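Structure first, then comments.
The values are calculated or read from the model by the stated rules, or taken from the named source; none is laboratory data. It should be emphasised that the depicted structure is a prediction, and the values quoted were computed from it without experimental measurement. No Cβ is skipped: glycine too gets one built from the backbone with ideal geometry, and neighbour counts run over all protein chains shown. Areas reflect the complete protein model, heavy atoms only, side chains present, ligands, DNA and RNA absent. Shrake-Rupley method; radii C 1.70, N 1.55, O 1.52, S 1.80 Å.
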Amino acid sequence: MKKYLLYTIILIATIALHSCYEEIPDPVYTTEDNVTSLEIEDTLGLDNENTGVSFWDGFLILVITIGLAGLIVWFFIAMVPIKLWFNAKLSKVHVSWLLLIKMRWQNIPQAKLINLMVTAYNAGLKTLSLPELMKYYLAKVDLDVVVATMIRAMAANVKDIKFDDMAQLYLRKVDVGAIVHAQINAMNAQIKTTIPELSEFYLAGGNVGDLIKAKNIADNSGDDIKAELDLSRLKKHYLAGGNLKKTIEAYISAKKAKLTGFEFEDICKIDLAGMDVVEAIKPAINPIVVETDGVRGIARDGVELTMKVKVTLRSQIKNIIGGVSSDTVLARVNEGLATRIGMAQSHTEILQNPYQVADYVEQNDVISQNSAYEVLSVDVSDIRIGNDVSASLKVSRAKAQVEAAKADLISAEEKVQKAMASAFLDGNISVQEYTDLKNKQADTLMRQSLANVDVTGHHLSTQTDLGDNTPHIQDTDATDVTDRDK
């Protein structure tokens, strides 16, 4: 290109220099007295020969011509790129020389902006103007991104979208590509929204793509769910830090399962509490069955019973947050079982109708009060008979009485020994008399043993065996024993 321009300058200079050396006839002027200019020159003695322009005059003309030619060429190369201007004209894009000169002075890339104008015009975006491009280029807007987004929006038939608005959104740090993509998806899904609405949600920290996907899932789940879950409710939960996808999935599952007594906000609370909302509502859709370890109770006849039950629990969505857990519900069930067993007159009453106990617990409203779970059914799975607590207590009581009697007997014997010692010291009894007394006692014990009677004369076979082969000894006043010994 520069070579052809140099050839052009040389050609213009050559033509100009050649024209300076052409012979130019001198004009002949006639005066009023019919005297020609030649005659006047002859009279004055002037030389009539035409010698042309001098060398230095020609050289000066050549320099001026080359300078003007270079200036013209520089103007069309640097200030007004003819090729770009011509390409714009071919694309029917009007670009004035004045704007091109202004772009050069403001150091704006002419080729980039004009090519963007041509691309946009050929794509059908004919509302774009060069002054707008110059304005937002100086504002540091990525014009390639904005123009490409505009072309895509126009091709997708997105209405009411202007280049100025998109450039303003870009300056506000909005991902215009994501916004337009979300708007196109919303149009395809017949979701009513606008570019400003999506931009506001984006600036608040939301993901417009996730929002439109979630709304699309809700709309495809039925007309009732579509009417309930509008964009405002979804945006509110998302901006609160919720997992929009899982929350909508849980809500749809609960609605499809015909559950009642809850709202979308109840599901949102579970999600915002940090729980896996999908797993949390599964017991509400599919009740869980929990078996107790074994509840011990004692009927009024003193017989111990151990009962195992299977409890069917269904979670209550409204009470999952703040309600008591399943462990507390099972503890209440165990309390109810133990209470009901204790109210029975006999353990046989429960063995004959164990479901009476289960029904009592199942119908107890206190068990499900303020609970995250509702008791659907209580079913007895096992009953075992334990110890006869009443009999064991009687045996223990009898043993204690025997031990007390033995203690009293030992105390009485101690008193006898003291009385005998006192009698010896006082001289009331001699050694011979004491010996005879001990012999009589031994003889009496031998006779009782042979006759199978106790000291009171009762037969030992009629006494109750207490389990330790100890004969029953009735309480005997120690004073009487002492008097008898005496």
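Quick notes on this structure:
- Averaged over its residues, segment 76-228 has an accessible area of 55 Å² per residue, based on protein heavy atoms and a 1.4 Å probe.
- Karplus-derived HN-Hα couplings along segment 436-446 (A = 6.51, B = -1.76, C = 1.60, θ = phi - 60°), whole Hz, x at Gly and Pro: 4, 5, 5, 5, 4, 5, 5, 5, 5, 4, 5
- Whether segment 196-259 is rounded, prolate or oblate, judged on the alpha carbon gyration tensor where a/c under 1.5 counts as rounded: prolate
- Charge tally around V174: other residues with Cβ under 13 Å, Lys/Arg +1 each, Asp/Glu -1 each, net -3.
- Carbon/sulfur fraction of accessible area - segment 215-373, other protein chains in place, 1.4 Å, %: 46 percent
- Average accessible surface area per residue within segment 339-398, 1.4 Å rolling probe, Å²: 60 Å²
- Only one residue of V333, M343, V357 has its Cα farthest out toward the positive end of the dipole of segment 313-400, where Lys and Arg carry +1 and Asp and Glu -1 on Cβ, and that residue is M343.
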